[in-house]
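Working notes, structure below.
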């Protein structure tokens with residue numbers, strides 16, 4: 001089967017899945033580089049496009065990514081891809097994966113999450129569409145995180161450092177990697193009180209060792225700190241929960257205080273400048289990571 005036939009088969013399969021859950025779908029159309037169809041509800045329409053080319057088969061959804069329809073169909077469509085996780089990973093049967101969100105953002109918190117998975121959890125998380133959070137948009141993260149929280153509320157521990165607490169602790173550690181070692185170690189240590197597994201996989205941020213508390217002397221830990229750790233579904237699940245918690249802070253701030261931008265762009269610098277003129281230093285500390293050079297300019 002060539003790449004074009006694979007794409008067509010995937011498009012037909014995806015369309016059939018959506019019809020099975022009661023959605024209306026248009027006929028399949030063949031374009032020069034993709035196959036596509038439109039699925040719709042009473043209020044929304046989403047175009048599903050499956051491209052084929054040198055880089056393989058890729059599915060794209062076109063439409064309002066905050067709509068109910070979009071968040072409903074994404075896990076259904078993504079499940080096909082999620083079940084095709086890399087087969088060359090030497091993934092333990094059970095382990096704790098850990099990741100963080102917000103370390104490079106001037107505004108907002110630093111959120112670290114550790115997530116315990118076994119074989120059963122890995123399968124279900126895959127069905128829910130869990131993958132590297134960098135491949136997901138914010139609406140997809142919100143949708144998947146909601147389902148993870150409902151089904152796996154006991155499987156994860158989150159250490160949220162909102163700006164005021166972050167600034168306090170950074171003042172003590174005076175180094176971001178040292179602070180990350182503390183948050184990851186604490187989240188993992190908390191989970192080890194419930195799950196006596198020996199394998200730990202962390203999305204690598206430093207060459208320095210973690211400082212994990214392990215109260216079970218018979219449970220000798222095997223810790224892997226790996227780049228691209230989100231290839232492992234336990235790390236990916238941790239990343240999604242961390243990112244969703246991070247996003248919730250911005251949503252609340254937009255409603256109650258100000259629409260803060262994410263990241264560390266020129267727009268962020270302009271926002272820091274504007275906010276610092278209108279508000280006190282204490283108020284700036286409550287919403288930003290003050291050790292960033294972007295903030296230091298205006299203190």
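The values are calculated or read from the model by the stated rules, or taken from the named source; none is laboratory data. Keep in mind that this is a model prediction, so the values were computed, not measured. Quick reminder, even Gly has a Cβ in these numbers, built from the backbone with ideal geometry, and neighbours come from all protein chains shown.
Quick notes
- Scanning the stretch 212-221 finds no residues that are surrounded by 13 or more Cβ atoms within 10 Å (Cβ to Cβ), in contact (Cβ under 8 Å) with a residue 40 or more places away in the chain, touching a helix residue (DSSP H, G or I) at 6+ places or on another chain (Cβ under 6 Å) and within 25 Å of residue 133 (Cβ to Cβ).
- Any pair with Cβ under 7 angstrom, 6 or more apart, that starts in the stretch 232-248 at a residue that is outside the structural domain of residue 163 (by TED's automatic domain parsing) and within 13 Å of residue 202 (Cα to Cα) and ends at one that is at pLDDT below 95 and surrounded by fewer than 24 Cβ atoms within 10 Å (Cβ to Cβ): none
- In the stretch 141-182, the residues that are in a loop (DSSP other than H, G, I, E, B) and more than 24 Å from residue 284 (Cβ to Cβ): 152, 153, 154, 155
- Residue ID - surrounded by the most Cβ atoms within 10 Å (Cβ to Cβ), chosen from residues in the stretch 269-299 that are more than 20 Å from residue 174 (Cβ to Cβ) and touching a helix residue (DSSP H, G or I) at 6+ places or on another chain (Cβ under 6 Å): 272
- Taken together, the residues in the stretch 15-29 that are farther than 18 Å from residue 75 by Cβ and surrounded by 12 or more Cβ atoms within 10 Å (Cβ to Cβ) amount to 4.
- Residues being at pLDDT below 95 and within 30 Å of residue 273 (Cβ to Cβ) are entirely absent from the stretch 154-167.
- Residue that is farthest from the chain's Cα centre (by Cα), among those in the stretch 34-63 that are loosely packed, with under 12 Cβ neighbours inside 10 Å and modelled with pLDDT of 80 or more: 56
- The one condition in (1) under 17 Å from residue 114 (Cα atoms); (2) out of contact with any helix residue (DSSP H, G or I) (no Cβ under 6 Å at 6 or more places or on another chain) that residue 243 fails to fulfil: (2)
Yes/no matrix, rows are residues, columns are (1) buried (at least 20 other Cβ atoms within 10 Å of the Cβ); (2) under 18 Å from residue 235 (Cβ atoms):
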{"site": "109", "(1), (2)": "yes, no"}
{"site": "145", "(1), (2)": "yes, yes"}
{"site": "149", "(1), (2)": "no, yes"}
{"site": "153", "(1), (2)": "no, no"}
{"site": "158", "(1), (2)": "no, yes"}
{"site": "165", "(1), (2)": "no, no"}
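- Which numbered condition residue 66 misses (of (1) within 25 Å of residue 223 (Cβ to Cβ); (2) in a loop (DSSP other than H, G, I, E, B); (3) modelled with pLDDT under 95; (4) under 19 Å from the mean Cα position of the chain (by Cα)): (1)
- Some residue of the stretch 84-100 being under 19 Å from residue 147 (Cβ atoms), modelled with pLDDT under 90 and either over 18 Å from the mean Cα position of the chain (by Cα) or not in a helix (DSSP H, G or I) (or both): yes
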